[in-house]
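Colleague: Supplied in structure tokens, the structure appears directly below.
The values are calculated or read from the model by the stated rules, or taken from the named source; none is laboratory data. Quantities reported herein were computed from a predicted structural model and do not represent experimental measurements. Cβ coordinates were reconstructed from backbone atoms using ideal geometry, including for glycine residues, and neighbour counts include every protein chain displayed. Accessible surface is based on the protein model in full, side chains and every heavy atom, while ligands, DNA and RNA are left aside. Shrake-Rupley method; radii C 1.70, N 1.55, O 1.52, S 1.80 Å.
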Amino acid sequence: MQYVLISDLWLITLVGALFFDLALYSPFTSRQDLSLLVIILTFLLNAVCMVLTLKIANEFRKNCNPREIISIIIRLIKNHPVLIIIAIYAVIKLCFLYCILRWDGAFYFSQLLKCVQYFDFSWSSFINNFNWFGHPSMGYAILMSLGQFIDWGNHYILNLENLILALLAIGSFYKILIFFYKDNRIENTILTALFAFNPLFFGVSLTFSIDFPLLVFWTASIYALLYKRMTLFVFLATILVFSKEPGVLLYLLFVLVYLFFKYINQLVYNNNNAPGERIGDNSIKQFICLFLPVMFFSIYLFFTGGLLWGDGSVQWSGSEFNSFGFDYWLMKERFGQMFILNFSWIQTLLVVLYIIKSFLWPAGVGLSVINPNSERNAMLKAFVITYLSFVIFNLLYITHTNPRYVLPSVFFLLIFSYHALLSIFQSKKIRIVILSVLLILSFLQTFKTIDPLSKAFFGTTTIGKQQLLNIGPGDGLTYNAEYLVIDKLLDKFNLAINITEDTKIILSEVDWFTHFNGAGPYTSVYIDRTTLKRTLKKDNAFQPETFCVWDINESNKPANAYYIYMFWVGDKELELNHLLRYYRIMETKIVEYHGYYFEIYGLKDENK
């Protein structure tokens, strides 16, 4: 136990030491307000980290013979086959490190680069720059800034950091399943694979947003709480509440409901002298640890004047954007994203069947698979109420319809649907078959849209011969990983026309939606002179000049240009009709990648 505590403390001090060390030595930060206090703090963090590292190394030497490392690894894999799933996931994700941040991901990346560049070791520069777009995001921002201190603008490092966080979530989810259902090792492994290859989780993990850490640190926090690693729990839960406002909602509601049910269980069952899990001497310690993240957030609110989100409201307006109200179209979209999207309708169906069964045969259902006199029971009840509140929040809060906003739903729906499966089907073989079929469907849906009910509910749009869901422009496409073909096609386009600095490109949009040249001064996309691939690095790179279709007129039209129809934001017929007023089509090219393609039109001024 002491070794675990030392390891947790080491991890926390390591993150702190890395932050200050990398910021101090980074050529990209300002040291304008560097004080003696910061230098002393950095020295102490490094000293403590070094001492803890030596302690861990000594414990490792005492308990582990280097010659036995291979046999230990083999035993681990044998006892925990989920490690194979994690390895497969990591290998697949490594193939996507090239992904250039686009849409909202580009905006968030610009904020990350800005917070690194303008960090001058003052408290004000930290608060102002590490909380992006008015969100309390500084917990996640600290972690993601580490790589940019090393190489500012390197999206490969950022994608690698997100991969590490995804692995943290996957491992934590498996340990949570073991805690609840320790005798179902095969099913727990399949469920973990379902979590890892959930299309929404996979797709969002390939972009950059402050919704991704909500699922990561929610899952990791629950793991730490269940296994009584309270020091680690405080650290992870603090990052959760300092990722985005829904993290505060999830955490605070969960803590209150969890403590309520836990202590109710104690009172009821202890008074009846029933066997169960008693509240021990560590109750006060746990209570303090549970409320420390809330206290930290309260201090933050004090410094910010009580402003929860700088760009939104928590008031009921009825219909205004970024406030609470009734918007029936948005409610329909949100409902579909939580309960239908990416074969989640199958999990929803299992939960509905469980509810129906509980009404028809109440004696045989309930929380029968969990000891009613246990902390597990309190935890599941807290999950139910927390998720219902999360669902209501998303149905009533009027904002964009980006699927990543409902990402935490992945965790809850998997837990609830498996709980339902255990109650509905007593046969282990039937459960394994159902989970395996769902895993196959989910894996396929991660890379190609095949879910017929999702297509019927959301509608579709086409990119070449393939269909994608018509959830919304930009970030609406991040419901799985299929949107990455856009970057492949844009790179192939560069090669097809042998793009140069003098090339003129006409697009449906030239800013956020297409993200060919970027979404601002910090995320402008360049073309590498050697490979002709898109990059965020300025070295040995150039930018072609781009035009919006609707800005083209007689006075500003370039003599020669290429027009690309952007399926997710444009209307090809209207756009071509407009361009044909000024141009003749000289050539048509098809840039294709595995059945996905762009139609490219070479245009020439009709008067020349």
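Colleague: How much accessible area does MET230 have with a 1.4 Å probe, in Å² rounded to the nearest 10?
Modeller: MET230 exposes around 20 Å² with every protein chain in place.
Colleague: Here's a follow-up. Could you point to the label whose value was computed as P(r) over Cα pairs in 20 Å bins from 0, in percent for the structure here, given (1) 20, 54, 24, 3, 0; (2) 17, 50, 28, 5, 0; (3) 16, 29, 23, 23, 10, 0?
Modeller: (2)
Colleague: Label 7 Å along Cα→Cβ of THR588; segment 543-569 residues with amide nitrogen under 17 Å?
Modeller: Taking a point 7 Å out along Cα→Cβ of THR588, the residues of segment 543-569 whose backbone N falls under 17 Å are 562-567.
Colleague: Straight-line reach from LYS381: which lysines have Cα under 27 Å away, leaving out those fewer than 8 places along the same chain?
Modeller: Of all the lysines, those that pass the test against LYS381 - Cα under 27 Å, at least 8 places apart if same chain - are LYS175, LYS182, LYS228, LYS244, LYS262, LYS285, LYS332, LYS357, LYS428.
Colleague: Using a 1.4 Å probe on the protein chains only, how many percent of the accessible area of segment 483-605 belongs to carbon and sulfur?
Modeller: The nonpolar share, carbon plus sulfur, comes to 47 percent.
Colleague: Counting only heavy atoms of the protein chains, get the accessible area per residue of segment 450-596 (1.4 Å probe) and round it to a whole Å² value.
Modeller: With the other protein chains kept in place, segment 450-596 gives 43 Å² per residue.
Colleague: Contour minus end-to-end for LYS537 and LYS114, with contour as 0.36 nm per residue of separation and end-to-end as the Cα-Cα distance?
Modeller: Going from the current span to full extension adds 150.8 nm.
Colleague: Also, quick follow-up: Spin-label point model (7 Å from Cα, Cβ direction): what's the ASP605 to PHE179 distance in nm?
Modeller: Distance between label points: 6.9 nm.
Colleague: Would you work out which of ILE142, THR189, THR219 lies farthest towards the positive end of the dipole of segment 84-445? Charges go on Cβ: Lys and Arg +1, Asp and Glu -1.
Modeller: Farthest along the dipole direction, towards plus: THR189.
Colleague: Which of the listed residues, PHE598, TRP568, ASN494, is farthest toward the dipole's positive end in segment 483-605, when Lys, Arg count +1 and Asp, Glu count -1 at the beta-carbon?
Modeller: Projecting each Cα onto the dipole axis, the largest value belongs to ASN494.
Colleague: So between TYR156 and SER30, what do we pick up on full extension, going 0.36 nm a residue minus the alpha carbon distance?
Modeller: 43.0 nm
Colleague: Here is a follow-up. Can you list the lysines whose alpha carbon sits under 27 Å from that of LYS589, skipping same-chain ones fewer than 8 residues off?
Modeller: LYS448, LYS465, LYS488, LYS492, LYS504, LYS533, LYS557, LYS572, LYS604, LYS608
Colleague: How much solvent-accessible surface does GLU599 expose, in Å² to the nearest 10, with a 1.4 Å probe and all protein chains in place?
Modeller: Here the accessible area works out near 50 Å².
Colleague: I need to check one value: relative contact order of segment 84-445, counting alpha carbon pairs closer than 8 Å and at least 6 residues apart, in percent.
Modeller: Details: 427 pairs, mean separation 75.0, N = 362.
RCO, segment 84-445: 21 percent.
Colleague: Here's something else I'd like to know. May I ask for the net charge around TYR300, where only other residues with Cβ less than 15 Å from the Cβ of TYR300 are counted and Lys, Arg are +1 while Asp, Glu are -1? Mind showing how you got there, number by number?
Modeller: Details: positive: LYS244; negative: GLU245.
Result for the neighbourhood of TYR300: 0.
Colleague: OK, next. Assuming 0.36 nm per residue, please report the length gained on full extension of the stretch LEU360 to ASN553 beyond their Cα-Cα distance.
Modeller: 62.6 nm
Colleague: With all protein chains present and a 1.4 Å probe, how do ASP120, ASP451, ASP502 order by accessible area, largest first?
Modeller: ASP502, ASP120, ASP451
Colleague: Now for a different question. Just name one of LEU250, PHE416, GLY459: the one whose Cα is farthest towards the positive end of the charge dipole of the chain (beta-carbon charges, Lys/Arg +1, Asp/Glu -1).
Modeller: Selected residue: PHE416.
Colleague: Provide TRP218, TRP345 ordered by accessible surface of protein heavy atoms (probe 1.4 Å), highest first.
Modeller: TRP345, TRP218
Colleague: A further question on this structure: With a cap of 16 neighbouring Cβ atoms within 10 Å, and only residues DSSP puts in a loop, list the trypsin sites (Lys or Arg not before Pro) found in segment 547-597.
Modeller: Those that pass, being in a loop and sparsely packed, are ARG581.
Colleague: For a label point 7 angstrom out from the Cα of SER124 toward its Cβ, which stretches of segment 6-36 have the backbone nitrogen within less than 19 Å?
Modeller: The answer is 30-36, whose backbone nitrogens lie closer than 19 Å to the label point.
Colleague: Normalising by the residue count of the chain, find the relative contact order in percent from Cα pairs under 8 Å and 6+ residues apart.
Modeller: Working: 879 pairs, mean separation 85.1, N = 608.
Over the chain, the number comes to 14 percent.
Colleague: Counting heavy atoms of the protein chains only and a 1.4 Å probe, report the per residue accessible area for segment 84-445 as a whole number of Å².
Modeller: 38 Å²
Colleague: Shape verdict for segment 157-248, please, from the Cα gyration tensor: rounded (a/c under 1.5), prolate (a/b greater than b/c) or oblate.
Modeller: Verdict is oblate for segment 157-248.
Colleague: Obtain the nm distance between the two label points defined at TYR227 and MET295 by a simple spin-label model: each point lies 7 Å from its Cα along the Cα-to-C-beta direction.
Modeller: 2.6 nm
Colleague: Which of the GluC sites (Glu not before Pro) across segment 523-595 are loop residues per DSSP, with 11 or fewer other Cβ within 10 Å?
Modeller: Passing sites in segment 523-595 are GLU554.
Colleague: Shifting gears a bit: What FRET efficiency do you get for GLU59 and ARG581 if R0 is 56 Å and r is their Cβ-Cβ distance, rounded to the nearest 0.05?
Modeller: About 0.15, to the nearest 0.05.
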